[in-house]
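No lab work stands behind these numbers, since they all come straight from the coordinates. Nothing here was measured: the structure is a model prediction, and the numbers come from that model. Glycine also receives a Cβ, built like all others from the backbone with ideal geometry; neighbour counts cover every protein chain displayed.
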Amino acid sequence: MLGQLEGADRALIADMEAGVGNLTRMAAASVDALIIVVEPSPKSIEVAQRAASIASERRLGPVRFIANKVRSEDDARYLRSSLGADIVVVPDDAGIRVADRDGLSPLDVAPSGPAVRSLEAFATQLQAMCATAGA
């Protein structure tokens, strides 16, 4: 189905099920960027490392890590050292929890909250990265 969306003027962001199963079924070089969301816990890091390894083996595209629910600089250091990669840090943010609880968008609940600002900055980076990849 994703193959039907190919085209320079199209963009698709897919929120896949947690784990690595979807990656094993994707075609090589089928994405402009693979974003792996990881939390500062050993299990999450293990899954993120497996996902990055599969993406590399299958040549799915460049990998970026989003470190979610980061509560301290120690969390960020732990993730950086465990993944050996640059990460985008999304701080733990009460506004996200409230939005999730109330079934609302974080943009409606906390549009200037630290998590939203971090993700907006990342979206700008991602746009530039994908534009370069498509050029």
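Once you order the gyration tensor axes a ≥ b ≥ c over the Cα atoms, which shape class does region 68-108 get: rounded for a/c under 1.5, otherwise prolate or oblate by comparing a/b with b/c? The shape class here is prolate.
Please report the net charge: other residues with Cβ closer than 14 Å to the Cβ of Asp92, K and R +1, D and E -1. So the surrounding residues net to -2.
For region 29-77, what ratio Rg/Rh do Cα atoms give with a Kirkwood hydrodynamic radius?
Details: Rg = 11.7 Å, Rh = 11.4 Å.
Reported Rg/Rh, Kirkwood definition of Rh: 1.03.
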